[in-house]
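All remarks here apply to the structure that follows.
The values are calculated or read from the model by the stated rules, or taken from the named source; none is laboratory data. Small disclaimer: the values here were computed from a predicted structure and weren't measured. Cβ atoms come from the backbone with ideal geometry, glycine included; neighbour counts cover every protein chain shown. Accessible surface areas use protein heavy atoms only, side chains included; no ligands, DNA or RNA. Shrake-Rupley method; radii C 1.70, N 1.55, O 1.52, S 1.80 Å.
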There are 2 protein chains.
Amino acid sequence: MNKTYSISELAGEFDITTRTIRFYEEKGYLCPKRAGTRRIYTPADRTSLRLILRGKRLGLTLDETADMIKMYGSPRGNQKQLEKFIVRIGEKRVELEQKQKDLEVMLSDLSNVEAKCHVALANVVNSN
Amino acid sequence: MNKTYSISELAGEFDITTRTIRFYEEKGYLCPKRAGTRRIYTPADRTSLRLILRGKRLGLTLDETADMIKMYGSPRGNQKQLEKFIVRIGEKRVELEQKQKDLEVMLSDLSNVEAKCHVALANVVNSN
DNA sequence: CATTACGTTTACGTTAACGTAAAGTAATGT
DNA sequence: ACATTACTTTACGTTAACGTAAACGTAATG
């Protein structure tokens, strides 16, 4: 049951336009098979698309996300290359952990405002 | 000791260009005082800039970040407005929590790759 | 068999977020 | 006095990430 997808199926599922999907292909971030002229997407293509959109939500550029997707392959190379690769992974981790910290602060700020809101709301309701 | 900052001081501190700071002002996201023609930034301005850059790191647009900064003021309005506001806060929270989930998955993926890397490295080193 | 639905390519348009360059002003050191 | 340094405004340029429109193919459906 190796399912496949049409472009509009994927567009519907991820709530994006077909233009966006074609754009990603145009730039080399997707390479679907073809049935004649029509694009046929495999589950692997679908996964790639999901990773791209995940990166986008986190403010990564398409190139940055593509880099990360490449990293997810089985690591190859000699000792030097592997060591360099591990360094790169570490840099990415630092970057993502910074985002985590930013998110925590933002969410805590949001909670503070919400609490103030509830107080203000209680005051408004009680002043009748 | 109400310190103030010049534009290049802030640019240096946050590792951005003065053009970027002027651009934010041009678009209304900053409103520094002036000493003659020169811009003078208060600690409050500096905080605004920090919030803007934090939003940027998380992939928010300047408008989205500006909205959030506005939210941080003391909540005002009648009951209806406050209730609407609380809903908006909830929506923002959902958005940010999605980003948190995305980050966790990405970081765990990174850890997996790194582990594979160390295995590959051990194999390379041992195959002498 | 015409129409509706879905797909295709090609190509120009748009927006956000700055970059870059020119040309001028104001304070500061030598 | 003058050169350097930091700041200013104005204005055009650039890039990523799509939007939008035209013009066409194909396949199923009433």
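Here's the yes/no breakdown for (1) within 25 Å of residue A:5 (Cα to Cα); (2) without any contact (Cβ under 8 Å) to a residue 24 or more places away in the chain:
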{"position": "A:27", "(1), (2)": "yes, no"}
{"position": "A:46", "(1), (2)": "yes, no"}
{"position": "A:74", "(1), (2)": "no, yes"}
{"position": "A:90", "(1), (2)": "no, yes"}
{"position": "A:99", "(1), (2)": "no, no"}
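Would you say residue B:4 is touching a strand residue (DSSP E or B) at 6+ places or on another chain (Cβ under 7 Å) and among the polar types (S, T, N, Q)?
yes
If a residue must be surrounded by fewer than 15 Cβ atoms within 10 Å (Cβ to Cβ), within 13 Å of the chain's Cα centre (by Cα) and away from DNA strand D (no atom under 15 Å from the Cβ), how many such residues does region A:46-103 contain?
Residues in region A:46-103 being surrounded by fewer than 15 Cβ atoms within 10 Å (Cβ to Cβ), within 13 Å of the chain's Cα centre (by Cα) and away from DNA strand D (no atom under 15 Å from the Cβ): 1 in total.
For region B:32-64, how many residues meet the condition of being of a type outside the set (A, V, I, L, M, F, W, C), more than 14 Å from every other protein chain (Cβ to nearest Cβ) and within 15 Å of DNA strand C (Cβ to nearest atom)?
The qualifying residues number 6.
Considering only region B:3-117, give the helices (runs of 4 or more DSSP H) lying wholly within it that have at least 3 residues that are under 30 Å from residue A:70 (Cα atoms) and of a type in the set (Lys, Arg).
Qualifying helices (runs of 4 or more DSSP H): B:43-57.
Please specify each residue of region B:3-25 satisfying the condition of being open to solvent by less than 50 Å² (accessible area, probe 1.4 Å) and touching a residue at least 12 places away in the same chain (Cβ under 8 Å).
B:5, B:6, B:7, B:10, B:14, B:16, B:21, B:24, B:25
What number of residues within region A:30-69 are within 16 Å of residue B:106 (Cβ to Cβ) and of a type in the set (Val, Ile, Thr)?
Number of matching residues: 5.
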